[in-house]
There are 2 protein chains.
Amino acid sequence: MEPSFKLLGWLRDYQRADFSEDLIASFTLVLFLVPQGLAYALLAGLSPQAGLYASIVPVVGYALVGSSAALSVGPAALPSLMTTAALAGLAQVPPADYPVLAAALALFSGLVRVALGALRFGFIANYLSASVVGGFVTGSALLILLTQLPNLLGIDSHAANAGAMIERIWNARRDIGWAAPALSAATLIALFACRAWLATGLRRIGVPARPADLLGKAAPLFVIVIAALAANAAALPVKVVGPLPPGLPPLALPLPDTGLLVRLLPSIAAIALIGFIDSYSIAQVLAMKRRETVSPDRELIALGLANVASGVTGGFPVSASFGRSAANELAGARTQLAGLLAAVWMLVILLVAVGLFAHLPLAALSATIVVAVVQLIDLSVLRLAWRYERGDAWIFIATAVTVLVAGVVDAVVLGVALSLALFVWRTSAPHLAELGRVPGTEHYRNRLRYAVEMQPGVLAVRVDESLYFANIRFVSDAIVGLLRSRPDTRCVLLVLSAVNAVDVSALQGLRDLNRGLADQGIALHLAEVKGPVMDRIKQSGFLAELSGAVHLSTHAAMRALEGEGVVDFVI
Amino acid sequence: MEPSFKLLGWLRDYQRADFSEDLIASFTLVLFLVPQGLAYALLAGLSPQAGLYASIVPVVGYALVGSSAALSVGPAALPSLMTTAALAGLAQVPPADYPVLAAALALFSGLVRVALGALRFGFIANYLSASVVGGFVTGSALLILLTQLPNLLGIDSHAANAGAMIERIWNARRDIGWAAPALSAATLIALFACRAWLATGLRRIGVPARPADLLGKAAPLFVIVIAALAANAAALPVKVVGPLPPGLPPLALPLPDTGLLVRLLPSIAAIALIGFIDSYSIAQVLAMKRRETVSPDRELIALGLANVASGVTGGFPVSASFGRSAANELAGARTQLAGLLAAVWMLVILLVAVGLFAHLPLAALSATIVVAVVQLIDLSVLRLAWRYERGDAWIFIATAVTVLVAGVVDAVVLGVALSLALFVWRTSAPHLAELGRVPGTEHYRNRLRYAVEMQPGVLAVRVDESLYFANIRFVSDAIVGLLRSRPDTRCVLLVLSAVNAVDVSALQGLRDLNRGLADQGIALHLAEVKGPVMDRIKQSGFLAELSGAVHLSTHAAMRALEGEGVVDFVI
């Protein structure tokens, strides 16, 4: 972790040779930003130009302190979905207020992230388990697919959860014509075909690998253009983006009234958290390839600044997009200058060429969202968890279902609570092994797994978990239970080789155990206590009370306790 | 844990010789039950006979399945305080309804406990850490002391939290006379003096140890009797208990209307949980002395039945009392028959001698509560935590303060949430040690603590914590960080001797790490993987992906990797 955050640190070491690479990458980025900006703005429930605005200034915000070279911050699927869910959750707000509220979501979730990053709270990313993130992303992807159905079918409909969405589509089923579904189907087939075969096909006809892969990835823009041209030529009766206002992004502070802001707070917190984790994960994948580490605190601040920038320039919550960042990297981006140059090109497009977008069919844009979002559905974690640890699989499913039936915020809260509960539950009944000596060696093993020699009068127990409040009673009870079946026991030896920590409750529990055993004339000994654990136990004064001794190894303890019919100790 | 719960199991093996001991103990119990029953009923905000009712049938409920021989279940400080807090929390309920609501709290918290016990949920006791319980009991004791001030000062006042209580006492300050404070002070001095010197004094004048200790413990009743006689003789103008209705406890099902019941639900849950933990801890301390274990599930059911019995016979929430149980044990109680006999004597008192209590001064009863409750204030956990683990100390303080300023339910919720958060936080940044060989041995130790030999090209890292979602990213980042300072590394060896579990997120993280390292031509090896962890990892298919191998010991791994300038492996 850096001691301080240098502004534009990457610019100071900028190499001239990097420029041409960054320039080429910037053109690639534009090919992605145009369709994604328009489509994700529609997904967020906003007019398309908001997506263009969100593609410009936010990049500067990220580039100021962000540590990833190739990360492309801008319109993205998850924050757009969360925006639409947040706004749909506000009953009786006229849709005319949506742009201001969406910008406010960006501004405040950005400020939250800057504050959290400054307070070094980047570690919060770690508290979402793979199952929660997997379930959340999968549930969100399914929900996004559902939200695209009205555009794909050519009807008007908007709702926040799966049930309401399906109901409204059903009610509007008579309005479905032939033109929009036909155009959607053709675009979808073209997009999936390009993704499956274009890059390989181009390579096969002799195009070098990198350009072939890049063209394959940039196909959505060409498909959309062709769809638009075809729809116009055939004068298809489909909805189009319509005229967009040319000109610079508006500069304004989006401040809704306090009551509304309070109702948006859970959404702001969820967007801040999920957006960060999404973006940070992508930055990590990119950094791993370059043998770099990314600082979570720096990423929090950088993403926060990007969102603040989006909020004050007519945008909506932004995040990193995996597909766009990967394409940027593949195109050779060396630094954030690629993103900054792309922002300049987007600004130029916004000023002089925004009229071109008026005739883009909504159905074709929705088709590109579908293709992008289908890739987010990743059931590999679910499959792994199902085999490996069923509880995690259920958390995945519960989180995904909650996204669909209740909402994104509820899903995150539920998922985190369940995964913490599962973890605590797992560690609350640790594995205990009663040890015996492997004959002729100095090794001691579980008597249930190995043929071992037991030493009369000594009960040696290895605890395979750190001791803390949720398991100390279980461990004490288990030892007392073992003692009942071994009434001749004079010493209990606790082997702590797998105990990485002992908290206050556990220390208290050990004191109670020591005292309870001493009342019965049984001494409590410890062996293989780890350095850091020993340091603390020493400091606590427990050793003065301990009826037995602390031994370096199990074998040393067993030799010391050998033949002790009755141990002499003072309580 | 028993496979099934035998009803009155202790009665089948009853020895004739035990009877005289149980009979003597039953008389001792009565000496405690009379003043405690009256005083705790007043503390619960009820009329004193409720405390007598709660001393009779509940004992039968506990004795049916309870596993502790000497535990005395009946009126107790914590459930009484929680009752008064629950009822004070219901605005606009006339005090005339309090008896029914208090009985309903007992009935429903009892039913909750029976259900939890039948579902084997006794393990929930483990989720309250020593700091939470300590903070809760200390805060409650302070709150109980405050609630006794009006009686001690001879004024009328009732409130649910510390602030309101202090304010009301301040407002009533002009009503404070001389008689009640004088009587309180005299009683308090007598009680504290008895506790400090009576037993030792009696022993010194030749009384045998056990009767001396018992008389010392039973002193409160005698002090109250003397205080009552003195107050009557001097015709002191102090409030007295007043006439109590003689007769059997009323048999009635206390069913408040649904709305009220719903508002009582958090209190019912808190009483069920705290009452159980309180009682179970006492049962454990008693059982430990006899080399027995108590089953938490059985204790839950037994305490639940006791509360159901209390609820349908005009009582209020009951629990075990530590002082009373310890005296019962000291008096020689062998089985729950001691408690059952005491219940019979209490019934006789209720039928024929209840008129005697009419002239007991409230101030003297409150003084006995003060003396009993002062013993509950135990700062040893706080002191220990302050030295040992500051975070736990703050949880203790936060829980205690929350009891005083907000309420008992809030305090429990906050305490549990904080202690889980602290545990997760503690395990989220585990200790990592880079290992080197202790020269001339097969031992590998932390290079920062020992003078060790490093093997070129191999980075051996021991992780001192189970791997799970909250720390896997930290561990991966730390390893990548170490790699940056060791650019010649060809193999990373993870030594998992202290890893007791690897959850799905961590497995996923290891896969990502393996892939990321492979991209850089670095092989990932594992060593000293524990049996249960290895079983699961094998099953997950991760070993097929692993670029390196799994080694039995660190030394075996180091020998296998010796001299590997470049490792040959297939990704």
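The values are calculated or read from the model by the stated rules, or taken from the named source; none is laboratory data. All figures in this text were calculated on a predicted structure; none of them were measured in a lab. When we count neighbours, we look across all protein chains shown, and the Cβ atoms used for this are built from the backbone with ideal geometry, even at glycine. Heavy atoms of the whole protein, side chains included, go into the accessibility calculation; ligands, DNA and RNA do not. Shrake-Rupley method; radii C 1.70, N 1.55, O 1.52, S 1.80 Å.
Across all C-alpha atoms in the protein assembly as shown, the radius of gyration and Dmax reach 35.6, 116 Å. In region A:115-149, burial by the other protein chains removes 40 Å² or more of accessible area from A:Asn126, A:Tyr127, A:Ala130, compared with the chain on its own (1.4 Å probe, ligands and nucleic acids ignored).
Dipole magnitude for chain B: computed about the Cα centre from +1 point charges on Lys and Arg Cβ and -1 point charges on Asp and Glu Cβ, it is near 960 debye. If we count every other residue with Cβ under 11 angstrom of B:Gly135's Cβ, Lys/Arg +1 and Asp/Glu -1, where does the sum land? Here the charged neighbours net out to -2. With the alpha-carbon atoms of region A:432-561 aligned to their principal axes, the span from lowest to highest coordinate is 37, 30, 26 Å, starting with the largest.
Averaged per residue, region B:17-422 has 38 square angstrom of accessible surface, using a 1.4 angstrom probe with ligands and nucleic acids left out. Taking all protein chains in place and a 1.4 Å probe, what share, in percent, of the accessible surface of the protein assembly as shown do carbon and sulfur account for? Answer for the protein assembly as shown is 65 percent, counting heavy atoms of protein chains only. Averaged per residue, region A:432-561 has 37 square angstrom of accessible surface, using a 1.4 angstrom probe with ligands and nucleic acids left out. Placing unit charges on the Cβ atoms of the charged side chains and taking the dipole of region A:420-489 about its Cα centre, the candidate lying farthest along the positive direction among A:Gly457, A:Ser428, A:Ile479 is A:Ser428.
Of the trypsin sites (Lys or Arg not before Pro) found in region B:394-496, those in coil by DSSP whose Cβ has at most 16 other Cβ atoms within 10 Å are B:Arg447, B:Arg449. Dipole size of region B:280-430 about its Cα centre, with +1 on Lys/Arg Cβ and -1 on Asp/Glu Cβ: approximately 340 debye, rounded to the nearest 20. Among beta bridges from DSSP that stay inside chain B, the antiparallel ones total about 45%. Name the longest site-free stretch of chain A, where the excluded sites are GluC sites (Glu not before Pro) in a DSSP loop with no more than 16 other beta-carbon atoms within 10 Å. Free of exposed loop sites, the longest segment is A:1-291.
For region A:317-451, the percent of C-alpha pairs falling in each 10 Å distance bin, counted from 0 to the bin holding the largest distance, reads 9, 18, 23, 19, 14, 9, 5, 3, 1.
Angle, helix A:98-118 long axis vs. longest principal axis of chain A, Cα atoms, 0 to 90°, nearest 10? Relative to chain A, helix A:98-118 is tipped by roughly 40 degrees.
Of all DSSP-defined beta bridges confined to the protein assembly as shown, some 45% are antiparallel rather than parallel. The accessible-area loss of region B:426-448 on complex formation, taken against its chain alone with a 1.4 Å probe, reaches 10 Å² or more at B:Arg426, B:Ser428, B:His431. Here is the interface size for A with B: some 6300 Å² of accessible area buried, both sides summed, with a 1.4 Å probe. Contact order for region B:432-560, expressed relative to its length and based on alpha carbon pairs under 8 Å spaced 6+ residues apart, stands at 22 percent. For chain A, the longest principal axis of the alpha carbon atoms and the long axis of helix A:162-171 meet at an angle near 30°.
For the pair B:Asp13 and B:Ala118, a Förster radius of 30 Å applied to the C-beta separation gives a FRET efficiency near 0.75, rounded to the nearest 0.05.
Loop-located trypsin sites (Lys or Arg not before Pro) in region A:95-177 (DSSP state not H, G, I, E or B) with no more than 13 neighbouring Cβ atoms inside 10 Å: A:Arg120. Shortest first, A:Arg484 label-point distances to identical copies amount to 5.6 nm, with the label point at 7 Å from Cα along Cα→Cβ. Using the Cβ-Cβ distance between A:Ala182 and A:Ser47 with R0 = 25 Å, the FRET efficiency computed as 1/(1 + (r/R0)^6) comes to roughly 0.45. Take B:Gly201, move 7 Å from Cα toward the beta carbon, and the resulting point lies 10.5 nm from the same point in each other copy, nearest first. On the principal axes of its alpha carbon atoms, region A:15-422 extends 59, 58, 50 Å, with the longest extent given first.
Specify whether the C-alpha gyration tensor of region B:189-345 places it in the rounded, prolate or oblate class, a ≥ b ≥ c being the square roots of the eigenvalues: rounded for a/c under 1.5, otherwise prolate if a/b is larger than b/c and oblate if not. Cα axes put region B:189-345 in the oblate bin. Copy-to-copy label distances for B:Leu248, where each label lies 7 Å from Cα along Cα-to-Cβ, are 9.1 nm in order of increasing length. Dipole magnitude for the protein assembly as shown: about 460 debye, using +1 per Lys or Arg Cβ and -1 per Asp or Glu Cβ, origin at the Cα centre. Where both bridge residues fall in region B:425-571, DSSP classifies roughly 35% of the beta bridges as antiparallel. To the nearest ten degrees, helix B:77-88 and the longest principal axis of the Cα atoms of chain B are 80 degrees apart. Between the listed residues A:Val100, A:Ile224, A:Tyr40, the Cα displaced farthest toward the positive end of the dipole of region A:15-422, a dipole computed from Cβ unit charges relative to the Cα centre, is found at A:Ile224.
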